[in-house]
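First comes the structure, then the notes that go with it.
The values are calculated or read from the model by the stated rules, or taken from the named source; none is laboratory data. If you're wondering where the values come from, they're calculated on a predicted model, not measured in any experiment. Every residue, glycine among them, receives a Cβ derived from its backbone with ideal geometry; neighbour counts consider all protein chains shown. Heads up: the accessible areas ignore ligands, DNA and RNA and are worked out on the full protein's heavy atoms, side chains in. Shrake-Rupley method; radii C 1.70, N 1.55, O 1.52, S 1.80 Å.
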Amino acid sequence: MLQNVLNTLEGNRTFKRKVEHIETLKERKAQYGEVKDLPPSIQKYLQDSHIKLYQHQVEATQLIRDGENVLITTPTASGKTLAFNLPIIETLSQDDQATALYIYPAKALANDQLSVLKHLESSCRLDFKPNIYDGDTPKNIRPWIKENSRLILTNPYMLHLIMGWHHQWSRFYKNIRYVVIDEAHHYRGVFGSNVAFLIRRLRRICNHYGSYPQFILSSATLANPDEFSRNLVGKTFHEVNHDTSPSGRKHFVLYNPFAKWGDLSTHQETKNLFQLMVLNDLQTLCFTVSRKMAEIIAMWTKKELNETKPELVNRITAYRSGYLAEERRKIEKDLKTGNLVGVTCTNALELGVDLGSLDGVIISGYPGTMISTWQQAGRAGRAENESLVVMVAFENALDQYLMKHPEFLFHKSHENAVIDLENKKITHGHILCAIKELPLTVDDFEKYFQGDYDVLETIRQEGLVQETLTGLTYIGREDPALKISLDQISSDHFKVFHNKRLMETMDRQHAYSEAHEGAVLINQGETYIVDSFNLNNRKINVKKMDVDYHTQALKNVEVSIEKEISTREIGNFQVSFGEVKVTQDFYKYKEMLYGKTLATHELELPPLKYHTRGLWFTVPGHVADALENIFPKKDAYAGSLHGAEHALISMFPLLVLCDRFDIGGLSTNYHPETGKATIFIYDAYEGGIGLAEKAVEVMEKLVEVTRDMVKSCQCRKGCPTCIYSPKCGNDNKPLHKRELFSSWKPC
């Protein structure tokens, strides 16, 4: 069956011209080990469940037993959960007062883990009363959980709100032995930087009650695991990264609809591949970019199968958030039992839910990170089963680069997860929360909050704290935790309403660019039109409308240098890093369909100004002179600089974990403060979040992959596959590709 699909992909003319690469990952035999002196009840559980421990599980268990903080970075389906559950359950069985806290980025993950823990509890005949404590926990059982549960599962949002009430949890904090942070790679950027301070507040409260818990992180593979884990928690970690679990042979196909400039879209090609796999009886999960595409690809496939193999129609379905819980559970069960042969979904099935072993996975469009790519691919071929993964490319530069450079996918991780502990707005909010939770002493301030006295002085001047014998004490009336969003930096929030129901909140930057009056706003795969945009009340009203066009806001950008912090010599050019001020003037927007402009409308919004951190480098004047002699065309030099800026930003997420819209850029053939042609790349957040700073560290690699991407594109003048940007505020003008190659040789 699987070989039939491979033969078709390699031999059928329709498919083979679009197969860029096939990587066959060899099977791997398991390496087993043994944990000595486990309690009899846990030994019996392992025996009854026919579980043999892998060597890396034994290593992690022993490190945890030895009191170490542990970071487990083995791949999906390698048994990370059991690796930390075993020593924790062992401790809870030996000390009937001991407690543990499990933190998950999503409620669904906590729900799945709760069933695992309850099974462990009953199988081992233990009594530690695991429970979820989050926004969905009924209020009538919350007091009982606080008083009785010894293992609590929660998420950062809930933990942030309840830490101010730590006296109600004194029993739990006094006896806490472990804090588990699962799927830790989710905590990066703005969210991760907020959570890093949240964890420091948690450590401080635990220490106040006399407990010093071990921290256990479970994460996908990263390029900077030591730096990341230290920044997230504030402690050093032992990493367990050698995977000793079994793995079947996996065929990974890179499929490029644009390899020969075909006439089918990525979505249509995905449908054809999905149909090919289910017709060959490969149980397949197809990941799509949106809820809408999950529904459409399932619908297209059913329609065609109804004419060729109608018995398969009812064995295919879509799966997405928004379905009722019982519907989702039924789909999960039918996948596990084999009643379903094909499911189209969003990344809702990327992790967490146990679906058993699948034959194939289709990834429609690069998910944005290698982490997501391998988590989705890991859904196929668990244990020693052979499997097939097909990644279908979109036309953008990132997808196309991976199609032409498969080694980037299959070698070591290049992705750096960035946490910024220096953003003053983030620091300000969490120090205020910490003072509200417990009086803040100088020792605590320097131990947990990096001793940023500028922020502390700002807090003093706001009149929200006062000096007491026990330290700084909070005297404000409102709970500061209620004012902090873990997902955002700015407190300047706009609320989006649909039929008087709050749909989402966004900061001013995103409101201006994505939710201005007339904008097409996408929320959970559904399209809405912005009906009204009230600046004074920060209120946006939308109406639901199915439209096939999208909108793009245009803006003028100015960047001024406020402070140069550092410089790096790289090859024969210099990269500077520092504080910059960004001014953006959103002056109009376009309605667009398949790259064509349908209409243009004026915008009347006050300029958006913010301070952030960025990198910049200059190009010597003699390069411009030489270019202007070779290419006398107007705007040739400016177009080459603009193309270089776009290209660098498009490749940025390969090395620094972020969305490309987390960063902004500006290119100019003369900047008044440098006196030369200059390219800026900056964090698109007030105060910065460490992205540009990390980019300076990996600049050599960023330049290398960017130049390779532009060179490998077959177009002559520039296109969406190389230097065009879907979010360019200057309407992708001017852009010049030939001049880019002539001018841009920075290393």
*With every protein chain in place, segment 394-484: carbon and sulfur % of accessible area (1.4 Å)*: 50
*What figure in square angstrom, to the nearest 10, would you give for the accessible area of H21 with a 1.4 Å probe?*
50
_Solvent-accessible area, 1.4 Å probe, carbon plus sulfur percent, for segment 563-714_ = 48
_Protection proxy ranking of 145-153, 598-606 - average other beta-carbon atoms within 10 Å, highest first_ = 145-153, 598-606
*Could you work out how far apart the two model spin labels at S123 and K36 are, taking each label as a point 7 Å from the Cα in the direction of the beta carbon, and quote it in nm?*
2.5
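Which three numbers, in whole Å and largest first, are the semi-axes of the equivalent ellipsoid of segment 158-276 derived from its Cα gyration tensor as √(5λ)?
After diagonalising the Cα gyration tensor, the semi-axes are 43, 18, 14 Å.
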_From the helices alone, meaning DSSP H stretches of at least four residues, give me the mean residue ellipticity at 222 nm for the chain, per-run term -39500 (n - 2.57), in deg cm²/dmol to the nearest 500._
-11000 deg cm²/dmol
*asked:* I'd like the distance separating the alpha-carbon centroids of segment 54-82 and segment 654-688, in whole Å.
replied: 40
*Output the DSSP H helices from the chain with an along-axis C-alpha extent of no less than 27 Å and a mean Kyte-Doolittle hydropathy no less than 1.0.*
none
*Once the Cβ-Cβ distance between M545 and K447 is put in as r, and R0 is 41 Å, what FRET efficiency do you end up with, to the nearest 0.05?*
0.15
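Could you tell me whether segment 577-663 comes out rounded, prolate or oblate from its Cα gyration tensor? Rule is a ≥ b ≥ c as square roots of the eigenvalues, rounded for a/c under 1.5, then prolate if a/b exceeds b/c, otherwise oblate.
It is oblate, given that a/c is not under 1.5 and a/b is not larger than b/c.
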_How would the chain be classified by its alpha-carbon gyration tensor: rounded, prolate or oblate, with rounded meaning a/c under 1.5 and the a/b versus b/c comparison settling the rest?_
oblate
*At a Cα cut-off below 17 Å, give the aspartates and glutamates reachable from K16, other chains included and same-chain residues fewer than 8 away excluded.*
D263, E269
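Counting only protein heavy atoms and using a 1.4 Å probe, what share of the accessible area of segment 1-106 belongs to carbon plus sulfur, as a whole percent?
44
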*Spatial extent of segment 499-576: Rg and Dmax, with the Cα atoms as the point set, Å*: 18.8, 58
_If I model a spin label as a point 7 Å beyond the Cα along the Cα-Cβ vector, how far apart are those points for A599 and R538 in nm?_
3.1
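Taking 0.36 nm per intervening residue step and subtracting the Cα-Cα distance, what contour gain separates E562 from T337 on full extension? Show your work: numbers first, answer last.
Values: separation 225, 0.36 × 225 = 81.00 nm, distance 6.12 nm.
Using 0.36 nm per residue and subtracting the Cα-Cα distance, I get 74.9 nm.
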*Could you pull the Rg and Dmax for segment 1-128, using just the Cα atoms, both in Å?*
20.4, 67
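Nothing charged except the Cβ atoms of Lys and Arg (+1) and of Asp and Glu (-1): what's the magnitude of the dipole of the chain about its Cα centre? Round to the nearest 20 debye.
1280
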*If a/c stays under 1.5 just call it rounded; otherwise compare a/b with b/c (prolate if a/b is bigger, oblate if not). Do that for segment 391-514, with a ≥ b ≥ c from the square roots of the Cα gyration tensor eigenvalues.*
oblate
_Cβ-Cβ FRET estimate between T458 and L161, R0 fixed at 35 Å, reported to 0.05_ = 0.90
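Which order do R203, R65 take when ranked by solvent-accessible area (1.4 Å probe, heavy atoms of all protein chains), largest first?
I get R65, R203, largest accessible area first.
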*Express the accessible area of the chain per residue in Å², computed with a 1.4 Å probe while the remaining protein chains stay in the model.*
43
*For segment 539-609, what percent of Cα pairs sit more than 15 Å apart?*
72
*How much length is gained if the chain between K425 and Q466 is pulled fully straight, taking 0.36 nm per residue apart and subtracting their Cα-Cα distance, in nm to one decimal?*
12.7 nm
*Quick one: check the C-alpha center-to-center distance for segment 151-198 versus segment 452-526, whole angstrom.*
20
*Kindly provide log₁₀ I(q)/I(0) values, in the same order as q = 0.19 Å⁻¹, from the Debye equation applied to equal alpha-carbon scatterers of segment 62-196.*
-1.26
_If I stretch the segment between K303 and F410 completely, what's the gain in nm (0.36 nm per residue apart, minus their alpha carbon distance), one decimal?_
34.9 nm
